[in-house]
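Student: Just dropping this structure here.
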Amino acid sequence: MKRLWQGLLVWLVLVCSVVAGELDQDLAQFRKDVLDINRRLLLLEEELLFPADTQLAVFVSLDVGKYFSPDSITLKLDGKTIDGHLYTEREVQALKTGAIQKLHVTNIRNGSHELTAFVSGSGPGNREYRRAVTLQFEKGNGRQFVQLRMEDDAAAQQPVFVLHSWQ
């Protein structure tokens, strides 16, 4: 009788380990499916919130950064403030090494628009530096992209700010 119980116990342990292995596989597949669904939902949410025909995206880049280090940027679209950003030292270092920051995404109607970027930071000699740059652009069908390029002008030893638009 004792051998029967031992055999039954061994059989039960084997069955449980096989079932546990199958459950682990099912759980791993379930996690993969959940992550895939989450990724698709995030893409769908972005497409619903910012449809391609009405989307405006503003990017920031810093060329070298020898003559300028940004502290903050404020964006105005058609006279209304739409965004502001304060930079951390880590973000400034990333920009100086070639990173491009997606500063703002919004929806706008087709037609003429005016985008103004107010940039403040440390200029030559660690002096406080504040400049505004304005871009008049025509929003057509499709996405509109605007890049604020902060460049060094070695000849003048001053920073130059340029807004560039493309679709």
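The values are calculated or read from the model by the stated rules, or taken from the named source; none is laboratory data. Fair warning: this is a prediction, and the values are worked out from it, not measured in the lab. No Cβ is skipped: glycine too gets one built from the backbone with ideal geometry, and neighbour counts run over all protein chains shown. To get the accessible areas, we keep the full protein, side chains included, count just its heavy atoms, and leave off ligands, DNA and RNA. Shrake-Rupley method; radii C 1.70, N 1.55, O 1.52, S 1.80 Å.
Student: Within the stretch 39-57, can you find the residues that are surrounded by 12 or more Cβ atoms within 10 Å (Cβ to Cβ) and aliphatic (A, V, I, L, M)?
Tutor: Scanning the stretch 39-57 gives Leu56, Ala57.
Student: If I filter the stretch 83-115 down to residues being open to solvent by less than 20 Å² (accessible area, probe 1.4 Å) and among the β-branched types (Val, Ile, Thr), which single residue comes out as farthest from the chain's Cα centre (by Cα)?
Tutor: Selected residue: Ile108.
Student: Please identify the pairs in which a residue from the stretch 45-58 that is among the hydroxyl-bearing types (Ser, Thr, Tyr) has its Cβ atom under 8 Å from the Cβ atom of a residue that is open to solvent by less than 30 Å² (accessible area, probe 1.4 Å), counting only partners at least 6 apart or on another chain.
Tutor: Thr54/Ile108
Student: Still on this model: Quick check: anything in the stretch 58-65 out of contact with any Pro (no Cβ under 8 Å at 6 or more places or on another chain) and open to solvent by 50 Å² or more (accessible area, probe 1.4 Å)?
Tutor: There is at least one residue in the stretch 58-65 that is out of contact with any Pro (no Cβ under 8 Å at 6 or more places or on another chain) and open to solvent by 50 Å² or more (accessible area, probe 1.4 Å).
Student: So which pairs qualify, if the first residue must be in the stretch 130-149 and among the basic types (Lys, Arg), the second must be exposed (fewer than 12 other Cβ atoms within 10 Å of the Cβ) and outside any loop (DSSP other than H, G, I, E, B), the Cβ gap must be under 8 Å, and the two must be at least 6 apart or on different chains?
Tutor: As it stands, the answer is Lys139/Gly111; Lys139/Ser112; Arg143/Ala52, since those pairs meet every condition given.
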